[in-house]
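Scroll down for the structure; my scribbles are underneath it.
The numbers here are math on the coordinates, done by the rules we state, and not lab data. Since the structure is predicted, the reported quantities are computational estimates derived from the model, not experimental observations. Cβ coordinates were reconstructed from backbone atoms using ideal geometry, including for glycine residues, and neighbour counts include every protein chain displayed.
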Amino acid sequence: MAHGNDLGGSLRYPASACGLFGLKPTRARNPLGPEYGDAAGGWAVEHALTRTVRDSAVLLDMTSGPDLGDPYPAPAPARPFAAEVGADPGRLRIGFTARTPEGVVPHPDCAAALNAAVALCESLGHEVVEADLPGLTPEVGASIGTIFCAATAWIVQYWSERLGREPGKDDLEPLTRAYWDIGRAVPAAAYMRAQERCQRFAREVARFLKGVDVWLTPTLSTPPERIGAITSTPDEPMRALEVGGRTVAYAGVVANITGNPAMSVPLYWNGDGLPIGLHVLGRFGDEATLFRLAAQLEAARPWADRRPPVHTSAAPSASTLR
């Protein structure tokens, strides 16, 4: 297991790029105390990346549940999450789309991964229907940007207070510094207005998910990028956002806005041996369905022993460290 957290996809995106299982739990499923009540209005969650579905479920059983003083709880599960692994998911109605919110079709490898996942789900007896997620308008997109920048300013201020100083010239990456600069100028009313827009969008997603049990897309819109491709410089601080935005065009942040659980499942590998995850958005509080479906997919297409061409499969030996 490798600890991770997720404010906009940061458990699921690396899971896709590394051929791992990555679950983003429901908002407040894992407590953030004693330091925080929530983070960024409940967008940020804690969990881990794992090789197997079982490990993710067992870990969540051990860490989840409300803490004293939490501002709100997640809905209690009907039974331990580990009991859902291997349980029959039944015949699910699975919505899917290859299109990004902007209507763009992804890289051919990602489209192939989605087609393979759709075929697998159909072979397992599920009903699969094409469906686009409603409501992700430019206004919602702008609100997401406002919240991210304000959250960055909060994080930097938190650490400035803890360390007793503001960040030095080399303490922040250029994109983070740019977010910080923008976020410091966001009025409180603008932040609250942005949250309001995103909460209205979350209600649209909840209504959409009354028509399907889960919603399926590729996790990333391109295969994993080469190391160094998604970087910024002081002269081009937004470069990482521009390049990275083309890779994460499927807006995994939807699960953070809504608080819904979501997962990246490592079902597909392209011709270069690189993993391409499939993203599944579930209903609020319903990790159970995700664990059942993920375990069924894992049994049909095992992945735990697969490795990308560049990987660390074991701890380095003493001779390697010398």
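Some notes on this structure:
- Between the amide H of Asp6 and those of Val45, distances stay under 5 Å, these residues lying 5 or more places away or on another chain, with hydrogens modeled in the peptide plane.
- Normalised contact order of the stretch 208-253, rounded percent, pairs of Cα under 8 Å and 6 or more residues apart: 44
- Between Thr217, Gln157, Leu172, the Cα set farthest toward the positive side of the dipole of the stretch 142-262 (charges on each charged residue's Cβ, about the Cα centre) is that of Thr217.
- Contact order normalised by residue count of the chain, Cα under 8 Å, 6+ apart, percent: 27
- Order of Met263, Met1 - criterion: other Cβ atoms within 10 Å of each residue's Cβ, fewest first: Met1, Met263
- Scaling the Cα radius of gyration of the chain by the globular reference 2.2 N^0.38 Å produces a ratio of 0.99.
- Equivalent-ellipsoid semi-axes of the stretch 204-322, from the Cα gyration tensor, Å, largest first: 29, 23, 13
- Selection from Gly228, Tyr268, His279, by position along the positive dipole direction of the stretch 149-307 (Cβ): His279
- Here the 3J(HN,Hα) profile of the stretch 99-114, calculated from phi with Karplus coefficients 6.51, -1.76 and 1.60 at θ = phi - 60°, is 7, 6, x, 7, x, 8, 7, x, 3, x, 5, 6, 5, 5, 4, 5 Hz, Gly and Pro shown as x.
- Cα-based radius of gyration of the stretch 256-296 once divided by 2.2 N^0.38 Å, which approximates compact folds: 1.36
- Where the Cα pairs of the stretch 127-264 fall when distances are cut into 5 Å bins, in %: 2, 9, 15, 17, 18, 16, 12, 7, 3, 1, 0, 0
- Ordering Pro138, His126, Ser10 by the projection of their Cα atoms onto the charge dipole of the chain, which places +1 on the Cβ of Lys and Arg and -1 on the Cβ of Asp and Glu, puts His126 at the extreme positive end.
- Computed log10 I(q)/I(0) for the stretch 1-50 at 0.14, 0.21, 0.25, 0.31 Å⁻¹: -0.32, -0.67, -0.87, -1.17, from the Debye equation with unit scatterers placed on every C-alpha and solvent omitted.
- Euclidean distance of C-alpha centroids, the stretch 118-176 and the stretch 29-96, integer Å: 19
- Computing FRET efficiency as 1/(1 + (r/R0)^6) for Glu236 and Asp88, where r is the C-beta to C-beta distance and R0 is 41 Å, gives about 0.20.
- Between Glu122 and Leu68, the simple label model (points 7 Å from Cα in the Cβ direction) yields a spacing of 5.6 nm.
- Order of Asp213, Asp67, Asp6, Asp88 - criterion: other Cβ atoms within 10 Å of each residue's Cβ, fewest first: Asp88, Asp67, Asp213, Asp6
- Site pair Ala142 and Arg200 shows an inter-label distance of 1.3 nm when each label is modelled 7 Å from Cα along Cα→Cβ.
- Computed over the stretch 165-234, the percent of Cα pairs more than 15 Å apart is 75.
- Residues Trp215, Trp303, Trp159 arranged by fewest to most Cβ contacts within 10 Å: Trp159, Trp303, Trp215
- Here the convex hull built on the C-alpha positions of the stretch 22-144 has a volume of 157 cubic angstrom per residue.
- Inter-site label distance for Asp272 and Tyr158 at 7 Å from Cα along Cβ, in nm: 3.5
- Taking 0.36 nm per residue of separation and subtracting the current Cα-Cα distance, fully stretching the chain between Asp61 and Val243 would add 61.8 nm.
- Across every pair of non-identical alpha carbons in the stretch 207-268, the mean reciprocal distance, once inverted, gives a Kirkwood radius of 13.8 Å.
- Relative contact order of the stretch 1-80, defined on C-alpha pairs under 8 angstrom at six or more residues apart (%): 35
- Per-residue Karplus couplings for the stretch 131-140, computed as 6.51 cos²θ - 1.76 cosθ + 1.60 with θ equal to phi - 60°, are listed in order as 7, 8, 6, x, x, 7, 7, x, 5, 5 Hz, Gly and Pro entered as x.
- Unit Cα scatterers, Debye sum, the stretch 198-237: log10 I(q)/I(0) for q = 0.30, 0.33 Å⁻¹: -1.03, -1.08
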